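*Asks:* Mind having a look at this structure? Questions to follow.
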Amino acid sequence: MHSFLCRRLRSLLRLLVIGPLLIGCGPTPAAASERKPKIRTITAFVRIDSSQYRQQFEGAVTVLRQAKTAFERGGYEVQTIRITTQPFTQYVGGRSAAEALDFFKSLDDLSKRDSFLLNIGPLTVADSSDAAQVDLLSHVLAQTRANASLVVADEGGVSWSAIRSAAQVIKYVEEHSLNGTNNFDFAAVAMVPPNVPFFPASNHDGEGHEFSVGWEAGEFVEDVLAGANRDMKEAKELLSRAFEQQARAVDAIATQVEKDSGWSYMGLDPTPAPNVDSSIGAAIETLTGAMFGSSGTLSAAAIITEAERSISVRRIGYSGLMLPVLEDPVLAQRWSDGTFDLDSLLAYSAVCGTGLDAIPLPGDVSRERLERIMGDVASLAFKWHKPLTARLIPAPGKKAGDRTDFDFGVAKFPNTSIKPLR
């Protein structure tokens with residue numbers, strides 16, 4: 001309760017400072033320019049040729065660093081640069097399992113050396129004949145920090161064999177990575193389009209030489225919504241204008257990078273990703289005046305998503321709402337408080353996205369239970385033809401009521417309580 005009151009006080013102070021600039025005529029250019037989202041990621045898409053992948057990565061990193069510099073000159077903080085390859089099955093060739101694993105370890109070493117995050121693309125499972133690829137993916141995830149995904153629904157429908165394979169991967173990684181933390185790098189994905197900049201669902205199957213941008217905007221959204229005085233209509237109008245202004249600025253910088261580099265700019269994913277100091281949960285509480293999960297949360301999620309999708313520049317990816325329990329301090333606290341659960345998140349996903357993201361589960365969760373959870377996500381995604389993912393993270397040795405002790409190595413993400421599964 002103390003933390004909730006502190007955030008409300010902070011929001012009121014922001015309102016006193018920026019409210020007069022927002023009420024009536026909307027955000028002025030000067031006021032909006034003082035509030036910028038961060039750039040969570042600039043993601044390059046590369047078609048790997050295993051005979052020259054080192055040179056390809058070096059070229060991509062050069063472009064990404066140039067882009068990072070361009071955005072920083074524009075006043076944006078850039079948090080990460082990333083590279084996503086085509087589906088890994090297309091470039092492992094005839095290597096044995098051991099050789100393929102060594103190859104991916106070399107890619108992982110390159111990513112650490114050159115300070116970029118790596119995604120080796122999605123795996124599509126047709127039937128049990130793909131068991132060797134599922135095993136390879138499990139070993140790669142357990143022994144490296146490469147990101148990857150497994151497709152559980154596409155235009156052809158929900159794949160129950162793929163869902164079973166995804167559950168197998170999750171349990172293997174739980175048992176064979178330090179404290180199960182490498183499940184942070186894996187997601188079951190449904191109806192996710194190409195060129196998404198956010199990991200682990202990022203993917204492409206084109207010629208490469210492309211890049212896209214995703215931003216981090218939890219605190220930015222909270223600042224804007226503080227000016228709405230809990231009025232939903234006003235909130236949408238204010239946020240739409242703020243998103244449009246920032247999206248235009250991002251698009252202008254990225255377009256110049258495209259001209260300078262020769263790499264194609266695919267667009268902005270305006271999903272306002274949160275972080276430890278930029279909570280989307282706090283933003284929603286600012287709008288509703290109540291704890292996340294209370295009545296009004298779904299409406300707030302819908303309004304944020306509608307505002308994102310109103311931008312006029314190139315838009316790609318989720319264009320939804322990320323609610324990662326283990327990345328957002330307010331969401332982590334509310335999860336412990338019991339104000340929302342898996343069913344709540346599925347309901348919110350019907351009006352936004354991105355599904356079930358960074359969800360802590362009991363360590364003894366069965367494969368069958370994981371399959372049912374991912375089946376719900378896949379079914380919802382296929383029904384509404386929208387991108388949803390399931391990033392489920394069982395905590396080894398933990399049961400309902402225990403507290404997680406994850407260390408994902410990328411930030412000091414919050415821990416939370418393990419909730420019982422119904």
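Every read-out reported here was derived from the displayed coordinates using simple, explicitly stated rules and does not represent laboratory data. Just so you know, these numbers come straight off a predicted model, no measurement behind them. Reconstructed Cβ throughout: ideal geometry from the backbone, glycine too, with neighbour counts over all protein chains shown.
*Asks:* Please give the length that would be gained between SER264 and ALA131 if that part of the chain were fully extended, namely 0.36 nm times their separation in residues minus their C-alpha to C-alpha distance (nm, one decimal). Present the calculation step by step, with values, prior to reporting the outcome.
*Replies:* Working: separation 133, 0.36 × 133 = 47.88 nm, distance 3.56 nm.
This chain segment gains 44.3 nm when fully extended.
*Asks:* log₁₀ I(q)/I(0) of the stretch 146-285 at q = 0.16 Å⁻¹, via Debye over equal Cα point scatterers, no solvent, to two decimals?
*Replies:* Values, matching the q order: -1.04.
*Asks:* If you average the alpha carbon positions of the stretch 78-155 and of the stretch 372-386, how far apart do those two centres end up, in angstrom?
*Replies:* One Cα centre to the other: 24 Å.
*Asks:* Rg to Rh for the stretch 47-206: what is it, with Cα atoms only and Rh by Kirkwood?
*Replies:* Values: Rg = 15.9 Å, Rh = 16.3 Å.
Ratio value, two decimals: 0.97.
*Asks:* Once the Cα gyration tensor of the stretch 287-422 is found, what semi-axes does its equivalent ellipsoid get, as square roots of 5 times the eigenvalues, in whole Å, sorted largest first?
*Replies:* Square roots of five times the eigenvalues give 25, 17, 14 Å.
*Asks:* Kirkwood hydrodynamic radius (Cα pairs, Å) of the stretch 324-387?
*Replies:* Result for the stretch 324-387 stands at 12.5 Å.
*Asks:* Sticking with the crude label model, points 7 Å out along Cα→Cβ, report the distance from LEU298 to LEU178 in nm, one decimal please.
*Replies:* Distance between label points: 4.2 nm.
*Asks:* Loop only by DSSP, 14 or fewer other Cβ within 10 Å of the Cβ. Give me the GluC sites (Glu not before Pro) in the stretch 95-199 that pass, ordered by residue number.
*Replies:* GLU155
*Asks:* Any idea how far apart ASP343 and ASP405 come out in nm if each label point goes 7 Å out from Cα toward Cβ?
*Replies:* Those two pseudo-labels are separated by 3.3 nm.
*Asks:* Mark the label point 7 Å from the Cα of ASP49 along Cα→Cβ and return the residues of the stretch 193-216 whose backbone N is within less than 17 Å of it.
*Replies:* 206-210
*Asks:* Out of all DSSP beta bridges with both ends in the chain, state the antiparallel percent to the nearest 5. Present the calculation step by step, with values, prior to reporting the outcome.
*Replies:* Numbers: 14 of 46 bridges.
The answer is about 30 percent antiparallel.
*Asks:* Subtracting the Cα-Cα distance from 0.36 nm times the residue separation, let me have the gained length for ASN415 to ASP277 in nm, one decimal.
*Replies:* Roughly 48.2 nm would be gained on extension.
*Asks:* Quickly estimate the mean residue ellipticity at 222 nm for the chain, helices only: each DSSP H run with n ≥ 4 gives -39500 (n - 2.57), and the total goes over all residues, rounded to 500.
*Replies:* -14500 deg cm²/dmol
*Asks:* Okay, moving on. Direction-averaged shadow area of the convex hull around the Cα atoms of the chain, nm²?
*Replies:* 18.8
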